[in-house]
1. Answer rounded, prolate or oblate for the chain, using the Cα gyration tensor with square roots of eigenvalues a ≥ b ≥ c: rounded when a/c is under 1.5, else prolate when a/b is larger than b/c, else oblate.
2. Charges only on Cβ, +1 for Lys and Arg, -1 for Asp and Glu: so what's the dipole of the chain about the Cα centre, in debye to the nearest 20?
3. Quick one: Karplus J couplings for segment 79-89, per residue in order, coefficients 6.51, -1.76, 1.60, θ = phi - 60°, nearest Hz, x for Gly and Pro?
4. Taking R0 as 41 Å, what's the FRET efficiency between residue 370 and residue 240 from their Cβ-Cβ distance, rounded to 0.05?
5. Cα gyration tensor of segment 216-366, axes a ≥ b ≥ c as square roots of the eigenvalues: rounded (a/c below 1.5), prolate (a/b > b/c) or oblate?
6. If you roll a 1.4 Å probe over the heavy atoms of the protein chains, what accessible area per residue do you get for segment 290-364, in Å²?
7. Output the antiparallel fraction of DSSP beta bridges having both residues in the chain, as a percent to the nearest 5.
8. Per residue, how big is the convex hull of segment 94-202 when only Cα atoms are used? Give it in Å³.
Amino acid sequence: MSAVLVRNISVLVTNSPEHGAGLLGVLADAALVAEDGRVAWVGPDAGAPAADEAVDAAGRCVIPGFVDSHAHLVFAGDRSAEFAARMSGRPYAAGGIRTTVAATRSATDEQLRANLRRLVTEALRQGTTTIECKSGYGLTPADEVRSLRLAREVTDEVTYLGAHVVPPEYAYHEYVDLVRGAMLDACAPYAKWVDVFCERGAFDADATREILRAGAARGLGLRVHANQLGPGPGVRIAVELRAASADHCTHLSDADVDALAASDTVATLLPGVEFSTRSPYPDARRLLDAGATVALASDCNPGSCYTSSMPFCVALAVREMRMTPEEALWAATAGGARALRRDDVGRLAPGARADFVLLDAPNPIYLAYRPGVPLVAGVWKDGIRVV
Ligand code: NIG
Ligand code: FE
């Protein structure tokens, strides 16, 4: 494969402190060479080696592709009426998930695939080069397997979320047994991760532990929807079972924050959810100041947050959660990679995947400074220009 040189980069975010300054490993007046799908070289523009193809960044900045570590993209239908009702005062409730379950079950594979691909393309155009995708709107063994198989067509980061809610045709304990038993057996071959919505109205502490342990015994990595709608045991279970990530983290006790800070479980914050459900945002500063690793992800789904835009999440994190622009960009790239236990994405140092984004901006502060503006001027995945 030929090498590509991107030169005349105003600010190159490497997320590798050994290659540049500060948290983001920033190189000013830089260049980058991609070869065979990987970053081959980064350094000062003046010292850039020759390559088969050269791209002039024209004084704009380059960042790692966003790593969106939490999304629910296999579904049918929409819940715009539910959103409108919520904006008029009706609170968000997990029960709305069942509306999407009904629509998903009655959709054809082709309909689900078309919607999934539309959303992945939409995310890519906004700079997301790695995306996680959960099942969770099928909730029968056959429908969950179908969701995972479809998700695998677009990403390696596939998560079994049979434990999303209890579907109406089952009693609670009967369904928990199915999720950690026959449904897991059917789904495990297609998934990398298992996730549980640990929340009042969804799955309790005992069920969460049982399902996660059963998933781990099948070789799946662990993730938890934790402490979204109220305080609860989700974060502590995630840490206790050494999950890769506890997601949402909206209602945390001091003990939850301390547990996260002392662990290698990433706190993945999903500010698009609080925006779209008009709820108080998670306390990102408290987590960061305590020393927890924080990621930002979209949680793109038709109910609680129908955005695929990581730039929007970065802008929310800065404006609403008091993260610095640097912290927010790190969380949306390197943080997402940590939440997926990946070291080949979320950074731009030699050897990493050549997944990067050219922004129509002189520096990445613009992601928050110019909210809602389409700043993505180019996207490369595995060294190939895709946008
Ligand atoms: O992450 N919390 C559970 N699941 C989704 C919501 C899904 C839905 O409302 O359809 C979430 O917010
Ligand atoms: Fe979610």
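The values are calculated or read from the model by the stated rules, or taken from the named source; none is laboratory data. These numbers come from a predicted model, not from an experiment. Glycine also receives a Cβ, built like all others from the backbone with ideal geometry; neighbour counts cover every protein chain displayed. We work out accessible area using only protein heavy atoms, side chains counted, and drop any ligands, DNA or RNA first. Shrake-Rupley method; radii C 1.70, N 1.55, O 1.52, S 1.80 Å.
1. Details: a/c = 1.80, a/b = 1.62, b/c = 1.11.
Prolate shape, in that a/c is at least 1.5 and a/b is the bigger ratio.
2. Details: 38 positive and 47 negative charges, 112 e Å.
Result for the chain is approximately 540 debye, rounded to the nearest 20.
3. Going residue by residue, I get 10, 5, 5, 5, 4, 4, 4, 5, 5, 9, x Hz, with x marking Gly and Pro.
4. On the way: r = 42 Å, r/R0 = 1.02.
About 0.50, to the nearest 0.05.
5. Working: a/c = 1.60, a/b = 1.21, b/c = 1.33.
Because a/c hits 1.5 or more and a/b fails to exceed b/c, segment 216-366 counts as oblate.
6. Working: 2120 Å² over 75 residues.
Averaged over the residues of segment 290-364, the accessible area is 28 Å².
7. Details: 26 of 58 bridges.
Antiparallel bridges: around 45 percent, rounded to the nearest 5.
8. Details: hull volume 11.1 nm³, N = 109.
Each residue corresponds to 102 Å³ of Cα convex hull volume.
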